[in-house]
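First the structure, in the form of structure tokens, and then the observations on it.
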Amino acid sequence: MADEAVSVEGLVKRYGEMVAVDNLSLRIESGEIFGLLGPNGSGKTTTINCVLQLLSYDRGEVAVFGRPMTATSYELKRRIGVVPQDVAVFDELTVAENIDAFCALYVPDRRRRRALVAEAIDFVDLGGFTKFRPRKLSGGLLRRLNIACGIAHQPELIILDEPTVAVDPQSRNAILDGIRGLNERGATVIYTSHYMEEVEQLCTRIMIMDAGRQLAIGTNDELKSMIGTGERIRVEIIGTEPLGEDVVEQLRRLGHVRTVDYEIPELHVECTSGAHNLSDVLGVLSGRGVAYGRVTSEPPTLNDVFLEITGRALRDEAA
Amino acid sequence: MLTIGSYQVLRLLRDKVLLVWTLAFPIIMSLIFMAAFSALDDSYEADPIEMGVVQDDAYEAAEGFDAFIAALSSEQDGTHLINTHRYATAHEAETAAKNGDTVGYIEVEDGTPVLRVLPNDSAANTVPVLRAALDSYEQTRAQYAALAAQGAGPEQIAAMQVQHVSTQRAQITESPSSPTVRYYFALLAFACGMGMHISMLAVQEVVAGSSPLGARRTLAGIPRWKVLAGTLGAAWLGILVCLLAAFWFIRLVVGVDFGAHTGMCHLAIGVSSLLSCTAGAALGTVRGMRTGVVSGITCLLSLFTGLYGTAAQELADTVQNSLPLLAQLNPLWQSAHCFFSLLYYDSLAPFAHSCAVMGAMACLFLSIALVRMRRMSHEHL
Ligand SMILES: Nc1ncnc2c1ncn2[C@@H]1O[C@H](COP(=O)(O)OP(=O)(O)O)[C@@H](O)[C@H]1O
Ligand SMILES: [Mg+2]
């Protein structure tokens, strides 16, 4: 299958007794921005390194672009760009030299490289810093250099391992925009992170992992519909009297309502999936003559998904 | 590959700390040696000493000996070893020596010249030379008599004799170098050891398991051997240049004469740098290797090349004599010995042998490094 960028089948990686990746299977289509989401230590980097053959693994098969990936698959490697989790650049070389040095690992032709390097510098917006050494760059700029070094050869598959760790919000947004841009130019992207919001914003498909195991996989919406939690409604009660217990009880009896909390002056209602939750809740309040001010309704986030899934997993372990 | 190599060289040029260790440090040490030896060097010249000569019957009977003594005391350059004081009997000569008029006297006994000196520091450098001259007279006396019989004038023969002694003495050191040269050989070997830093770091930065940089470069889309060749080649070039710089600094600025085979010294440097490069590469594959450890190893091995003064030289000589194999296993000893053999032997055979041993060692280290690198690239990160 030509349009399958990466496929991993039954991958197992142990560090001694510790199982870092536990029977992981995974398919990534060409053109996706695939998110690998999991807390620190969940095995994201290990998975990536196994795919790249930087690590030996105990079991499993890895194919890239439909061909088995090995340590000497130079042709495949030329089509892959990696932005490692730890910034890995040469301290003694300038920004431009660094990008060129890494690009040279993929593109021997000097003239072609010159254009690629210029493009990469533009892309990460480091034009004003080409003569700087990495030591002189701030954390955000350094991360951008790290990215430029990984993508200068314009690979078809780009793997970014937590590229936004320790980056200020402004740089982070620039980086995320850049990744979208790469994807629009046709690159398949694998993006690992432990920041749910990022993955949620960026990725077309997401795998949630914990302790080396795949917990859930799907699009943003698919993942959210997997869980019980629906929208979260907050209502500010502005009446002179606090809400009566009977009103709260009536809200609890509504269909699709999971929990109701009342902490003066705010009412929190957590719903399961359902179409008319907000109007139902407000209908009850109006019917009881309760005056209310600001009303907000938030759809569920990946945070909810993760909490719910890992929560269940944790309970399973305890049992 | 060339690009990889040239960037590696560029990085080396900009790595000031590394350059201090591998380039500046040996040069600074050579300057320290120069300062320390400048006083010492003077004392190696054989100053003329006050010497008694017992001019009795035996003296007159010894063929050409008078001319020989005259040649030793002539003001002529290079052969002026003694200022002669003549005495009729051994007793008078002894009294004069005890009075301090002379440092000793020469007497002919049974046709053989005998040197009698009192323990005296000021004569310490000249006496051995004088002794060698007398020995030589003794050894070639027969030849000498024959020459005299053929009609050669005694003055002529004596001059030849002294000339012969000088050349003989020169041959021990091949050229009129001072014994301090040994320190500079040890220093070059030391520079060689420090050069291991360069290749050690280079290897650590190219092996996946050792550093993020190594991991990144393992992902290269060009064959691995090109990456390795470019990196190690550049490291070797770096070490070579550092060694050449140290060598020419010692040669030109410090003014040490490396003898007739200066050209061959470059070959020795080439082989030494190769050995240093491969040994460093092998060290680089040891997990958690740090520059401090490499410096430590270099300093320790340098002890057995006699870098740290007379005591160290004695230790080195002891090891060399009692456990020659152990001494020869020391790459720095081999390197120092290689320079040594160029200066101390007429024949190039010992030098060639030394180069061959170093070449074999380099091959061994390179194989270890390559095998280890291969293994580490697929091990746990
Ligand atoms: N070299 C190693 N030796 C032993 N355990 C390791 C090693 N590298 C990673 N681990 C363990 O493997 C697990 C997964 O690590 P990692 O893949 O780095 O997680 P993530 O990238 O998701 O933060 C962690 O528990 C970590 O402690
Ligand atoms: Mg990680």
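The values are calculated or read from the model by the stated rules, or taken from the named source; none is laboratory data. Since this is a predicted model, take the numbers as computed values, not measurements. Neighbour counts are summed over all protein chains in view; Cβ atoms, including those assigned to glycine, are modelled from backbone coordinates with ideal geometry. What goes into the accessible areas is simple: the full protein's heavy atoms, side chains included, and nothing from ligands, DNA or RNA. Shrake-Rupley method; radii C 1.70, N 1.55, O 1.52, S 1.80 Å.
Where a ≥ b ≥ c are the square roots of the eigenvalues of the C-alpha gyration tensor, would you call the stretch A:43-85 rounded, which needs a/c under 1.5, or, failing that, prolate if a/b is larger than b/c, or oblate?
Details: a/c = 1.90, a/b = 1.16, b/c = 1.64.
The shape class here is oblate.
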With solvent modelled as a 1.4 Å probe, how much accessible area in total do chains A and B shield from it at their shared surface, in Å² to the nearest 100? 2800 Å²
Distance between modelled label sites at B:Leu252 and B:Leu115, nm, 7 Å Cα→Cβ extension: 4.0 nm
Give me the 1.4 Å probe accessible area per residue for the protein assembly as shown, excluding ligands and nucleic acids, in Å². 46 Å²
Computed over chain A: relative contact order in percent, which uses C-alpha pairs under 8 Å that are six or more apart: 19 percent
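Taking a ≥ b ≥ c as the square roots of the Cα gyration tensor eigenvalues, with a/c under 1.5 meaning rounded and otherwise prolate when a/b beats b/c, else oblate, which class fits the stretch B:322-369?
Values: a/c = 2.60, a/b = 1.54, b/c = 1.69.
It comes out oblate by the Cα gyration axes.
Using helices alone, I'd like the mean residue ellipticity at 222 nm for the protein assembly as shown: each DSSP H run of four-plus residues gives -39500 (n - 2.57), total over residue count, nearest 500. Spell out each step's value before the answer.
Numbers: 29 runs with 371 residues, N = 700.
That comes out to -16500 deg cm²/dmol.
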Taking every residue in A:97-105, how many Cβ atoms of other protein chains lie within 10 Å of its Cβ, on average? 5
Note: probe point = Cα of A:Glu249 + 7 Å toward Cβ; backbone nitrogen < 11 Å; residues of the stretch A:258-285 passing the test are none
Could you work out what % of the accessible surface of chain A is carbon and sulfur, using a 1.4 angstrom probe and leaving DNA, RNA and ligands out of the count? 48 percent
Starting from the Cα gyration tensor of the stretch B:264-326, take the square roots of the eigenvalues, sort them a ≥ b ≥ c, and report rounded, prolate or oblate (rounded when a/c is under 1.5, otherwise prolate if a/b is larger than b/c, else oblate). oblate
Amide H neighbours of B:His85 at under 5 Å, excluding residues fewer than 5 places away on the same chain, with H built from the backbone geometry, are B:Met51, B:Gly52, B:Val53
What does the charge count around B:Ala97 come to, taking other residues whose C-beta lies under 14 Å from its C-beta (Lys +1, Arg +1, Asp -1, Glu -1)? -2
Partner chain coverage, peptide B:205-216 - average Cβ within 10 angstrom: 4
Between the stretch A:68-95 and the stretch A:212-291, the alpha-carbon center distance in angstrom: 48 Å
Using 5 Å bins from zero, what percent of all Cα-Cα pairs in the stretch A:231-299 falls into each bin? 3, 18, 35, 28, 13, 3, 0
Across the protein assembly as shown, how many lysine pairs separated by 8 or more positions, or lying on different chains, have Cα atoms within less than 28 Å? 9
Residues of A:193-204, mean number of Cβ from any other protein chain within 10 Å of their own Cβ, rounded to a whole number? 0
Run the simple label-point estimate for A:Arg110 and A:Val165 please: 7 Å along Cα→C-beta, distance reported in nm. 3.7 nm
Cα gyration tensor of the stretch A:1-160 diagonalised, 5x eigenvalues square-rooted, in angstrom largest first, produces semi-axes 30, 19, 13
